[in-house]
Amino acid sequence: MAVNRAFGSHWACAGVLAGLLAIGACVGPEAGQALGDLARVTEVTTQQSSAELRVSVHVTAPVRYALQRVRPDWIVVDLLGAALATASGTLPFSGGAVARIRIGQFAPTVVRVVVELTRPLKYQVAPAPDQTAVVITLSENPVTPAAGAAAPETW
C-alpha cells in the first residue's frame with residue numbers, strides 16, 4: 001500500500017509541476033526568463049534644466065517598458081525583463097513638481113520606477129538612442145487636458 005501512495009505522490013508532484021510550468025508559459029516571456037538573461041538596472045540619474053527634468057534609468061541591455069496608470073499624479077514605468085542591480089527605495093531627489101522618485105523590483109522580471117508629482121506635467125518615455133537607458137522627460141509646462149479627451153499613450 002505504501003508503494004501506491006509513493007507512486008501517487010510522484011504523479012501528484014508531477015501534475016503540480018506541469019501546472020506551474022503551464023502558468024509560467026501563459027504570463028509572458030519575461031516570466032520564463034532566466035535571471036541571468038535579465039537586463040540589469042544599474043542606476044537612476046536625474047538631469048534638470050530650466051524647462052525640463054530627465055530621469056534616466058540605466059540598463060545593461062535594451063528593455064521593453066510599459067506605462068501603468070496607478071494615480072493621476074504618478075508616472076509609473078515598468079521595465080520588463082529587468083532585474084534591479086542597485087538599491088531599491090526613494091532616490092535623493094525632489095523639487096519643483098516632483099515630490100519623489102522611487103524604484104524597486106516589482107516582480108521577479110519587472111523593475112518599477114515611480115515619479116510622484118505635485119501637479120500634472122507633460123512627459124514622454126523613450127529609450128535612449130544607444131538603448132542603455134529608458135528616459136522619462138518631464139516638461140515644466142503644466143498639462144491642461146481637454147474635457148472628455150482620451151489620454152494618449154505618451155503624455
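The values are calculated or read from the model by the stated rules, or taken from the named source; none is laboratory data. Not measured: the values here are computed from a predicted model. All Cβ positions, glycine included, derive from the backbone under ideal geometry; neighbour counts span all protein chains shown.
Listed values, structure above:
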| quantity | calculated |
| --- | --- |
| Members of region 62-97 found to be assigned to a loop (DSSP other than H, G, I, E, B), without any contact (Cβ under 8 Å) to a residue 24 or more places away in the chain and either among the small types (G, A, S) or not assigned by TED's automatic domain parsing to the domain that holds V134 (or both), listed by number | A87, S88, S94 |
| Meets criteria (at positive phi and either in a loop (DSSP other than H, G, I, E, B) or modelled with pLDDT under 90 (or both)) for G28 | yes |
| Search result, residues across region 55-85 that are surrounded by fewer than 15 Cβ atoms within 10 Å (Cβ to Cβ) and either among the polar types (S, T, N, Q) or more than 13 Å from R112 (Cα to Cα) (or both) | T60, A61, P62, Q68, R71, P72, D73 |
